[in-house]
Every structure is written in C-alpha cells, then in structure tokens.
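Novice: Quick one: structure below, then a few questions.
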Amino acid sequence: MNDFLIPQFQWNSLSYLTSRAGRVGTQELTELMESESLTRNHFMIVCALAEFGPMSQNDLAKHSNLNRGHLVAYLDELADRKILERSVDPSDRRRNIITLTAVGKKFTARATAAAERSEAEVFGALDAKQQETLRTLLQLVAIKDGEAR
C-alpha cells in the first residue's frame with residue numbers, strides 16, 4: 001500500500017524507508033540541536049560521555065564513532081558552551097580527559113528526551129514486540145557494517 005504516491009522503488013527500498021524513519025524519528029532532536037547551533041555529532045559526543053563517563057579523546061572518538069581529527073573542533077564548541085571540560089590526565093600529562101559538566105548533563109537530558117519523543121511518535125505505529133524486532137534487525141545491520149556495541 002503506497003499512500004504517499006512515491007515511486008515504487010522507494011516504497012520497497014529498505015534504505016529509503018529506514019532513512020525516512022530516521023529523519024522523522026529524530027526531527028525534534030534535530031530542531032533542538034539546530035536551535036543550539038549544534039549537530040547530531042555533538043549529540044553523539046554528549047551521549048557517549050553520559051553513558052561511559054569521563055574518558056580520553058581517543059576513547060571518545062571510538063565511543064562516538066567520530067573521526068579523531070574532527071573531534072577536536074566538536075569538543076572546542078562544546079567546551080565553549082560549558083557542556084564539557086577538558087582536564088589533564090594525572091596518569092599521562094600528554095592526554096586530556098573529557099568530562100560532562102553539570103550544564104552538559106542537563107543539556108544531554110533535554111536532547112535525549114527530545115530524541116525519545118520523536119522516536120516514540122514515529123515508531124508508535126508499531127507495537128512493543130514489533131519495535132523490539134525492528135531494533136534487533138537494525139542492530140544486526142549495524143554490526144555487519146562494523147559498528148559494534
């Protein structure tokens with residue numbers, strides 16, 4: 001059933017459909033991040049810090065799946081907004097430890113709530129069991145693509 005009057009190829013395309021669901025499912029998060037002049041890459045950084053705690057820039061690049069070279073600019077922007085802070089690692093003075101600030105924890109909670117609201121709205125068309133099945137299938141695709149948990 002193609003009620004959107006889009007070409008049949010897109011209607012049957014898993015890539016198109018997941019991309020569309022992803023755009024709609026992150027709409028509120030995207031709007032929040034844009035209102036703060038930030039991106040989803042910034043969101044990935046604060047989520048990694050919120051979940052895994054303070055860590056080195058190298059570890060943060062791994063946990064956020066971001067290029068280490070690009071990470072510094074994102075960290076600078078977040079530090080300028082007092083969302084995170086860098087401190088010298090006492091065990092290796094050549095390395096910085098990145099930590100969420102209290103402002104950063106509040107920002108992360110607001111951004112995560114926005115993401116959860118959008119996702120609940122778009123995937124509300126599925127019952128809980130269908131959502132879990134879809135999540136499991138998409139996690140399998142992500143693992144195949146090399147994105148391990």
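The values are calculated or read from the model by the stated rules, or taken from the named source; none is laboratory data. This structure is a prediction, so every number in the text was calculated from the model and none was measured. Positions of Cβ are generated from backbone atoms using ideal geometry, with glycine treated the same way; all protein chains shown enter the neighbour counts.
Novice: In the stretch 79-100, what count of residues is obtained for those that are in a loop (DSSP other than H, G, I, E, B), surrounded by 12 or more Cβ atoms within 10 Å (Cβ to Cβ) and not basic (Lys, Arg)?
Specialist: Selection size over the stretch 79-100: 1.
Novice: Before we move on, is residue 107 aromatic (Phe, Trp, Tyr) and either over 28 Å from residue 141 (Cα atoms) or out of contact with any Leu (no Cβ under 9 Å at 6 or more places or on another chain) (or both)?
Specialist: For residue 107, the condition - aromatic (Phe, Trp, Tyr) and either over 28 Å from residue 141 (Cα atoms) or out of contact with any Leu (no Cβ under 9 Å at 6 or more places or on another chain) (or both) - is met.
Novice: If you don't mind, there's one more thing I want to ask. From the residues in the stretch 11-36 that are in contact (Cβ under 8 Å) with a residue 24 or more places away in the chain and hydroxyl-bearing (Ser, Thr, Tyr), which one is farthest from residue 84 (Cα to Cα)?
Specialist: Filtering first and then ranking leaves 18.
Novice: Restricted to the stretch 15-39, and to residues that are within 15 Å of the chain's Cα centre (by Cα) and among the hydroxyl-bearing types (Ser, Thr, Tyr), which residue is surrounded by the fewest Cβ atoms within 10 Å (Cβ to Cβ)?
Specialist: 19
Novice: Okay, moving on. Out of all the residues in the stretch 18-58, which are of a type in the set (Val, Ile, Thr), assigned to a helix (DSSP H, G or I) and either within 14 Å of residue 122 (Cβ to Cβ) or at pLDDT below 90 (or both)?
Specialist: 18, 24, 30
Novice: Of the residues 120, 142, which single one is closer than 25 Å to residue 68 by Cα, of a type in the set (A, V, I, L, M, F, W, C) and free of Cβ contacts under 8 Å to residues at least 40 places away in the same chain?
Specialist: Only one candidate passes the filter, namely 142.
Novice: Considering only the stretch 41-63, state which residues are under 15 Å from the mean Cα position of the chain (by Cα), closer than 19 Å to residue 106 by Cα and either surrounded by 15 or more Cβ atoms within 10 Å (Cβ to Cβ) or not charged (D, E, K, R) (or both).
Specialist: Within the stretch 41-63, 41, 42, 43, 44, 45, 46, 47, 48, 49, 50, 52 qualify.
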